[in-house]
Amino acid sequence: MRAVSRKNFLRLGGAGLIGAMLPGAAGCNRNHSKVVRFFIGAKETAALERAATEIQVDRFEEQYPDIELQRESLQPEEVRREIQSRLRSTDPPDVFAYDTGPGFGGVLADAGLLYSLENAYKKHGWDIYDWAKQQATYDGTVYGVPDQVEEIIVYYNKDLVPEVPHTVEELRQISGELKGRGKIPLAFGNREQYPASHMFSIGASNILGREGLDNILYGDGRWDTPQVVEAIELMFRDFVERGYYPKSPNSLTYDGANALFYSGEAAMNPTGTWLVSEIVQAVQEFEVGFFPFPSIDGSGISPPAGVGTGWFVAKDAKNPQGAITFIDYLLQDDTARLTIEKLNTLPAHPVNTEGLDVPELFKQVLDDLSESPQAEALGYNLDVLAPQNFNKVMYTGFREVINGMRSPAEQAGALQQAWADGKKAGKTPAQE
């Protein structure tokens, strides 16, 4: 998110409240001795809602007939607005999906709203990748279970973009030709502001590489460098001035940008692998592929990757043990395989993916991420690693760069100041 991931999850149509009570396959006449309430932030199609309910509710209740699951699906933006009030209420959810990282889950931990999962990890032996587990560990205590590994790439319409660009110059040439044909080269909507952080993650990961980002995130590197300014200039000034994005991207929603791609009006769509399921359902008229953002000035190509969301238990949960049982169920290999196959998301722990029936588009995701589960060759999705104050500067500052109200150099300086403040407060990854 992403953002929400926001994330940033699935982004087609509004789901709202899916149902306070969703009975399991055995019917609603069963006697449940316990109730587990959970919510997620997702924009689900009817098919995806049915698949998620089958996995997360019906199948669980078959295995645990003494527990009734109550599932609620909110819009991703609603979750971010309402999460703290929900957790402080007299009737909080027992378990919920939310963005990991110090700027999201870490803020809830600082507010004393999360239940420690240290003992649960020890009891159940949850085998979450260490790098992913770190994003749900705040002030030395693990509070969350990361559940979705993501990559930020560029989807493309194979009818409109027959050859994948490998350099920015090649991308410019393709984009110029597309404009001449009346097409939008790149779908990008920044009304919610978090999409710009994904674009910055693309540019920074590409031009700095994994080593350069590690130097900033975990060492003494800085954001106010010529390389970072160049990345900001490219993504938020050059492409805007050349008309590669839709008009007024700050007024266009994330969903609106996706719709331009689905309709064929936009030829490419820079966003995350969390969108695969929606694309498979929404696009029928052309074949979709994806590629990493092409090399900037001969730099290595390091597409951003990382953990989007994770499962958290509310500090005042009425049934924390039931919530932990639910999380443990989701981490079982057969459940994780179903999640990959039906929801097209990749868990943050080792899973046997042999024999899975997934769309061709998702097979590429599995190839990219399964072969390098530690994501060592990839860049970073920055908003789920950065402290909250840094994310605010990204969100508001890139909006101003797009509008011409702030220069790329000024934004790089503001990012560095925010990072220094976050580091001083002990909220950057090296301190966490």
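To the nearest 20 debye, what is the magnitude of the charge dipole of segment 150-306 about its Cα centre, counting +1 on the Cβ of each Lys and Arg and -1 on the Cβ of each Asp and Glu?
Numbers: 11 positive and 22 negative charges, 84 e Å.
Approximately 400 debye in magnitude.
Counting DSSP beta bridges with both partners in the chain, what percentage is antiparallel, nearest 5? Roughly 60 percent of the DSSP beta bridges within the chain come out antiparallel.
Taking amide H atoms as placed 1.01 Å from N in the peptide plane, the amide H of Gly379 lies under 5 Å from those of Ala305, each 5 or more residues away in sequence or on another chain. Binning all Cα-Cα separations of segment 72-181 at 5 Å, short to long from zero, yields these whole-percent fractions: 2, 9, 16, 16, 12, 8, 7, 9, 8, 8, 4, 1, 0. Helical runs assigned H by DSSP (4 residues or longer) give the chain a calculated mean residue ellipticity at 222 nm of -12000 deg cm²/dmol, each run adding -39500 (n - 2.57) before division by the residue total.
A cut-off of 5 Å between modelled amide H atoms, ignoring neighbours fewer than 5 places along the same chain, links Gln70 with Val36, Arg37, Phe38. Of the residues Thr45, Thr345, Thr90, the one that moves most in a GNM of the chain with alpha-carbon contacts below 10 Å is Thr90.
Would you mind checking Lys122/Lys392; Lys179/Lys392; Lys123/Lys363; Lys122/Lys424; Lys122/Lys318 for any pair whose Cα atoms are more than 24 angstrom apart?
Working: Lys122/Lys392 35 Å; Lys179/Lys392 33 Å; Lys123/Lys363 34 Å; Lys122/Lys424 32 Å; Lys122/Lys318 22 Å.
From Lys122/Lys392; Lys179/Lys392; Lys123/Lys363; Lys122/Lys424; Lys122/Lys318, over 24 Å: Lys122/Lys392; Lys179/Lys392; Lys123/Lys363; Lys122/Lys424.
Here's how it looks for Ser295: its modeled amide H is under 5 Å from those of Thr167, Val168, which are all 5 or more places away or on a different chain. Averaging 1/r over each pair of different alpha-carbon atoms in the chain and inverting the result gives 21.8 Å, the Kirkwood hydrodynamic radius. Its Cα gyration tensor gives segment 150-306 an equivalent ellipsoid. The semi-axes, each the square root of 5 times an eigenvalue, are 25, 16, 15 Å from largest down. Taking every alpha-carbon pair within segment 265-420, the share separated by more than 23 Å comes to 56 percent.
The numbers here are math on the coordinates, done by the rules we state, and not lab data. Keep in mind the model is a prediction, meaning the values are calculated, not measured. Note that each Cβ is placed from the backbone with ideal geometry, even for glycine, and that neighbours are counted across all protein chains shown.
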